[in-house]
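Written below as structure tokens is the structure these notes are about.
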């Protein structure tokens, strides 16, 4: 049987070289999914081994998991079927389960992972490009109020949105900050996403091609009948550090931790919508809708957790 060391030694030095490797993986569109599946397998082996044997510090473990999640997203975007990913992860966990925690092979592999990700765990900023829109992660600290930790921008009509994880210290909160061209004031906001308990996968309508041949975000959303809705738990004026560039005022809406977890569970190829609800004429609501690409939200969230700050 091939040893864990022999299986990983030729690759572990280059697929775990920190942020540069991760950023390149996110930006590339391989012709097939095999390279990304290889990365997913190797990273899952070490994540599973760490879960069982406690190989890494919390920061290194979180950095490794962020890299695993990004490899998973890259495999999906390269065309791998979810069933193939599940089988790849099953084989990886089985491989890790067969390695004794004190084995020389595992110690060598863990040492290389530790050395590669020590630098990655100290990175402050990371960009996660998407197919249409990307995420920007920033785990620097500030005493000047809430700021974006992980965010994506969107324009919808004449209005603008910044969406993601925001906070000052402690766990960040899923937040939507919107600026309306007519100075409108919505009384509520809703986050709408596919219900993974009622569907077998993402809704990707390939008739909805945008310029450049990419699938528009509006063609990546599930129908309402297959969606779940999270209503914002808090509303108020947005802090200056959260406003889109050039904006002087806007509205901030905060969503529950359950919404954050649900967003992280989605397929990176799909999109969610943020609906802003205004009081309209005759007592009828008026809704303005913005789209957000799921992309590497889960990887960016894990990147934030990889900091000791």
Within the stretch 139-161, residues being surrounded by fewer than 21 Cβ atoms within 10 Å (Cβ to Cβ) and in a loop (DSSP other than H, G, I, E, B) number 9
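Table: residues versus (1) surrounded by fewer than 21 Cβ atoms within 10 Å (Cβ to Cβ); (2) not in a helix (DSSP H, G or I).
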residue	(1), (2)
64	no, no
71	no, no
80	yes, yes
83	yes, no
89	yes, no
100	yes, yes
107	yes, no
110	yes, no
117	no, no
Of these, 177, 132, 196, 192, which one is in contact (Cβ under 8 Å) with a residue 60 or more places away in the chain, under 18 Å from residue 290 (Cα atoms), outside any strand (DSSP E or B) and touching a helix residue (DSSP H, G or I) at 6+ places or on another chain (Cβ under 9 Å)?
132
For the stretch 169-203, the count of residues that are buried (at least 16 other Cβ atoms within 10 Å of the Cβ) and more than 15 Å from residue 263 (Cβ to Cβ) equals 6
Pick out, from the stretch 249-309, the strands (runs of 3 or more DSSP E) lying fully within it that include 1 or more residues that are out of contact with any strand residue (DSSP E or B) (no Cβ under 6 Å at 6 or more places or on another chain).
271-279
Cβ-Cβ under 7 Å pairs, at least 6 apart or on other chains, the stretch 110-124 side modelled with pLDDT of 85 or more, far side surrounded by fewer than 17 Cβ atoms within 10 Å (Cβ to Cβ) and assigned to a helix (DSSP H, G or I)
112/13
Of everything in the stretch 232-248, what is assigned to a loop (DSSP other than H, G, I, E, B) and surrounded by 12 or more Cβ atoms within 10 Å (Cβ to Cβ)? Give them in sequence order.
232, 233, 238, 239, 243, 244, 247
Filter result for the condition that a residue is in contact with a helix residue (DSSP H, G or I) (Cβ under 9 Å, 6 or more places away or on another chain), buried (at least 16 other Cβ atoms within 10 Å of the Cβ) and at pLDDT 95 or above, over 259, 271:
271
Among residues of the stretch 253-272, those that are under 19 Å from residue 173 (Cβ atoms) and in contact (Cβ under 8 Å) with a residue 40 or more places away in the chain, counted:
12
Residue check: is residue 229 more than 28 Å from residue 125 (Cβ to Cβ), under 21 Å from the mean Cα position of the chain (by Cα) and touching a residue at least 12 places away in the same chain (Cβ under 8 Å)?
yes
Among the listed residues 164, 170, which satisfies the condition of being part of a loop (DSSP other than H, G, I, E, B) and either at pLDDT 95 or above or under 30 Å from residue 306 (Cβ atoms) (or both)?
170
Residue list for the stretch 204-220, restricted to those being exposed (fewer than 13 other Cβ atoms within 10 Å of the Cβ) and part of a strand (DSSP E or B)
209
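The values are calculated or read from the model by the stated rules, or taken from the named source; none is laboratory data. None of the values given here were measured: they were computed from a predicted structure. When we count neighbours, we look across all protein chains shown, and the Cβ atoms used for this are built from the backbone with ideal geometry, even at glycine.
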